[in-house]
Amino acid sequence: MKKIDLLLTRHGETIENQRYVLQGQLPGTLSPLGKEQAVVLAEQLKQEPLDVIVCSDLARSYDTAKVVAGYHGKQPQPTPLLREMDWGIYTGETLADVDWEHLPPSVESVDELYHRAGEFVNYLRVKYAGKCILAVGHGAFNRAILTYLNGGKPADMVDLPIMENTSVIRLSI
């Protein structure tokens, strides 16, 4: 199987991030800082030999990817596989509103998130073998990807820190 060079990043800051809102699978709106972060990311990666830029199909991720893609003459390839965790009934609420001890079934479980991370990695292996890929994702889902690739258990992702907006982790798959 051909190696994949994966650059994993998180979308730029959103207005909802500033308000500590659980966006989950809401589109999200890049804040002025988030737009600046996307430009800085694009500048940082302009010399990278990116073959493809994949992103979540949620606006905050797509809008970040679009800025980087412009520097490479490419179009972002959105996929729902890269979407953020589904917060169910807590979507649009703040972190303080969550009853962490009694999460309802509408909230995507850590096991479900981990399984979806595996599906995303397999998608990359099938569709982009041998390529250099930038993946623009989300805080919780990127933790699931990292845990999956490191052979961890689903519960391990909870202990990982959330990626800073537009920080980059380089991986080889």
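The values are calculated or read from the model by the stated rules, or taken from the named source; none is laboratory data. Computed from a prediction, not measured in an experiment: that's the story for all the values here. Cβ placement follows ideal geometry from the backbone for every residue including glycine, while neighbour counts extend to all protein chains displayed. Note: areas computed on protein heavy atoms with side chains; ligands, DNA, RNA excluded. Shrake-Rupley method; radii C 1.70, N 1.55, O 1.52, S 1.80 Å.
Which is in contact (Cβ under 8 Å) with a residue 24 or more places away in the chain, of a type in the set (Ser, Thr, Tyr) and over 23 Å from Lys3 (Cα atoms), of Thr79, Thr94?
Thr94
Could you please find all residues in segment 138-155 being outside any loop (DSSP other than H, G, I, E, B), open to solvent by 40 Å² or more (accessible area, probe 1.4 Å) and modelled with pLDDT of 95 or more?
Once the filter is applied, which keeps residues that are outside any loop (DSSP other than H, G, I, E, B), open to solvent by 40 Å² or more (accessible area, probe 1.4 Å) and modelled with pLDDT of 95 or more, segment 138-155 yields Arg143, Tyr148, Leu149.
What number of residues within segment 72-114 are closer than 21 Å to Leu8 by Cβ and assigned to a strand (DSSP E or B)?
Final tally of qualifying residues: 3.
Can you spot a residue in segment 114-125 that is within 23 Å of Leu22 (Cα to Cα), open to solvent by 30 Å² or more (accessible area, probe 1.4 Å), in contact with a strand residue (DSSP E or B) (Cβ under 7 Å, 6 or more places away or on another chain) and at pLDDT 95 or above?
No, the conditions are met nowhere in segment 114-125.
Just for segment 99-123: of the residues that are within 14 Å of the chain's Cα centre (by Cα) and aromatic (Phe, Trp, Tyr), which one is farthest from Cys55 (Cα to Cα)?
Filtering first and then ranking leaves Tyr114.
Any residue at all in segment 68-82 that's more than 19 Å from Ile53 (Cβ to Cβ) and either open to solvent by 70 Å² or more (accessible area, probe 1.4 Å) or not aromatic (Phe, Trp, Tyr) (or both)?
no
Just need a number here: residues in segment 10-44 that are over 26 Å from Glu93 (Cβ atoms), surrounded by 18 or more Cβ atoms within 10 Å (Cβ to Cβ) and out of contact with any Ser or Thr (no Cβ under 6 Å at 6 or more places or on another chain).
Matching residues across segment 10-44 total 1.
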